[in-house]
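The values are calculated or read from the model by the stated rules, or taken from the named source; none is laboratory data. Here the structure is a predicted model, which means the values were calculated and not measured. Glycine also receives a Cβ, built like all others from the backbone with ideal geometry; neighbour counts cover every protein chain displayed. In case anyone asks, the SASA skips ligands and DNA or RNA and just uses the protein heavy atoms, side chains included. Shrake-Rupley method; radii C 1.70, N 1.55, O 1.52, S 1.80 Å.
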Amino acid sequence: THTIGLIIPDNSNPFFAEVARGIEDFGFQNGYSVILCNSDGDLKKELAYIGVLTSKRVDGIVFIAATAKAEHIKPFLGEIPLVIVDRKMPDLEADSVLVDNFGGGYAATRHLIDLGHRKIGCITGPPDLAPSADRVAGYKQALKDHGLQPLDELIVEGDFRYQSGNEGMRRLLDLEPPPTAVFACNDVMAIGAMKAVQDQGLRVPEDIAIVGFDDITLASFTNPTLTSVKQPKYEMGKIALELLFQRISSSDLQGRQEIILDTTLVVREST
């Protein structure tokens, strides 16, 4: 049918929008239309969309899962080519495109340490998602490697949305004394955190430095501009479709392919 299904958990998150753009552009160049489905992080909605896409006879699906659970996806593996993006799902025999989240979290934290910060907070994403867990693991390892102890009180849980970044920063600001720097596990939460700092009459980075993750386009336009760990979002989408096209054109491919892309720290005005 020359159509591809794309399921993402949150189309209001600029990271997913930029990945989707790479998928759509590369698909169009190769004569494919893309059907976009937003699961809202809901497993039932996710499963319903997989059913809809298979009934519409799409040639393959690119999938950014709502959670790390794979049981509801397994029945479809024999029916349709499937590529996972941005999620570790070891129980699923499917190709995947990932980034070095651990290395990115480590680089963000080491940057803050190199600037002289010793009390560094972290606003996490959902702990059951591998990208968030790996970024936090990188944060903790960087602290340990530089003689600093990760403290539970400095780690607050978010959900990758603006409001959770704002609320998480408010909790960190209530500490006595508060941290002098914060690593937020995505840019959306970092922007929410920056607003919380400014609402308290404090300045970024003079009072609190902030680093995000993803390097969404908006990171270059915040005030101050946001230091962030860059994910190759457009490239992730392109590579995911390349893998999918391989599966579509050849039913003889054995095993699973896992491609892990590097991240890069982009230093701006927030640190």
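Annotations for the structure displayed:
- Share of carbon and sulfur in the accessible area of the chain stands at 49%, probe radius 1.4 Å.
- The stretch 35-126, relative contact order in percent, only Cα pairs under 8 angstrom and at least six apart counted: 19 percent
- Going through (1) 23.6, 69; (2) 19.3, 62; (3) 18.0, 61, the figure that equals Rg and Dmax of the Cα atoms in Å as computed for the structure here is (2).
- Helical content alone sets the calculated 222 nm signal of the chain at -12000 deg cm²/dmol, taking -39,500 (n - 2.57) per DSSP H segment of four or more residues and averaging over every residue.
- Take the stretch 36-122 with all the other protein chains still there, run a 1.4 Å probe, and you get 42 Å² of accessible area per residue.
- In summary, the lysines within cross-link reach of K44, defined as a Cα separation below 19 angstrom excluding same-chain residues under 8 places away, comprise K56, K69, K74.
- Of K88/K238; K45/K195; K119/K230; K88/K144, those spanning more than 21 Å from alpha-carbon to alpha-carbon: K45/K195; K119/K230; K88/K144
- Considering only the chain, percent of DSSP beta bridges that pair antiparallel, nearest 5: 10 percent
- Max mean-square fluctuation residue, GNM over the chain, Cα-Cα springs under 10 Å, options D134, D86, D114: D114
- Chymotrypsin sites (Phe, Trp or Tyr not before Pro) restricted to the stretch 215-256 and DSSP loop, no more than 14 other C-beta within 10 Å: F221
- With protein chains left intact and a 1.4 Å probe, residues in the stretch 182-255 average 38 Å² of accessible area per residue.
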